[in-house]
1. Just to be sure before I move on: is ILE3 touching a strand residue (DSSP E or B) at 6+ places or on another chain (Cβ under 9 Å), free of Cβ contacts under 8 Å to residues at least 24 places away in the same chain and either outside any loop (DSSP other than H, G, I, E, B) or not aliphatic (A, V, I, L, M) (or both) in the structure I sent?
2. I need the full set of residues from segment 125-152 which are surrounded by 15 or more Cβ atoms within 10 Å (Cβ to Cβ), without any contact (Cβ under 8 Å) to a residue 24 or more places away in the chain and in a helix (DSSP H, G or I), in order please.
3. Inside segment 58-95, can you point out the residues that are under 18 Å from PHE21 (Cβ atoms) and either loosely packed, with under 13 Cβ neighbours inside 10 Å or of a type in the set (Ser, Thr, Tyr) (or both)?
4. Are any residues in segment 6-45 in contact with a Leu (Cβ under 9 Å, 6 or more places away or on another chain), part of a helix (DSSP H, G or I) and open to solvent by 20 Å² or more (accessible area, probe 1.4 Å), and if so, which ones?
5. Would you pick out the residues in segment 96-122 that are within 20 Å of ALA142 (Cβ to Cβ) and either small (Gly, Ala, Ser) or open to solvent by less than 20 Å² (accessible area, probe 1.4 Å) (or both)?
Amino acid sequence: MKILFVCLGNICRSPLAEAIFIHKAKEQGLKVEADSAGFESFHRGDPADPRSVAVARAHGIDLNGHTARMFNARDFDHYDRIYVMDKTNYNDVMGVARDDNDEQKVDYIMNLIYPGENRPVPDPWYGGKEGFEKVFRMLEQACDILIKDLALDHLPTRPPDHPTT
């Protein structure tokens, strides 16, 4: 299974989701591939935000070595599932989708916990340490469900309750 996580700048939320997911998959002995991407070219090539690195480290997860990159249409060819953090990310990814097959790969990450509700993961950029911790906990809960589904080999081909916007 190949999973891509997407946020705006690819320096806060999506690299956290990627690192949490990879960490948990390794703990379970699952063979997965994960990456993250964003839509803000300003951060292309940047490392993860130091606050994301710190919150990950506090939970025993290494986020060093991350380099922000831009989402592109080829990501639909490479990844089985694409999880976005909020409505803007969803609209950005769907704007690049070429067909129904691409669109069926996209879902809000929080729909793993709250199917069909399209709840956002708030951008912690202005939220201070508490905001990063809150985002970490949200992403950890979602990744726990994703890992459980993968471990049980029951991950559906299509996301349940596929969002319309």
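1. Values: touching a strand residue (DSSP E or B) at 6+ places or on another chain (Cβ under 9 Å): yes; free of Cβ contacts under 8 Å to residues at least 24 places away in the same chain: no; either outside any loop (DSSP other than H, G, I, E, B) or not aliphatic (A, V, I, L, M) (or both): yes.
Spelling it out, it is not the case that ILE3 is touching a strand residue (DSSP E or B) at 6+ places or on another chain (Cβ under 9 Å), free of Cβ contacts under 8 Å to residues at least 24 places away in the same chain and either outside any loop (DSSP other than H, G, I, E, B) or not aliphatic (A, V, I, L, M) (or both).
2. Residues satisfying the conditions are GLY131, LYS134.
3. Residues satisfying the conditions are ALA58, GLY60, ASP62, ASN64, GLY65, THR67, HIS78, TYR79, TYR83.
4. Scanning segment 6-45 gives GLU18, LYS24, GLN28, HIS43.
5. Residues satisfying the conditions are VAL106, ASP107, TYR108, ILE109, MET110, ASN111, GLY116, VAL121.
The values are calculated or read from the model by the stated rules, or taken from the named source; none is laboratory data. As the structure is a prediction and not an experimental result, all values here were calculated from the model. Counting neighbours? That spans all protein chains shown, and the Cβs are built from the backbone with ideal geometry, glycine included. Each accessible area value is taken on the protein alone, full model and side chains, heavy atoms only, with ligands, DNA and RNA left out. Shrake-Rupley method; radii C 1.70, N 1.55, O 1.52, S 1.80 Å.
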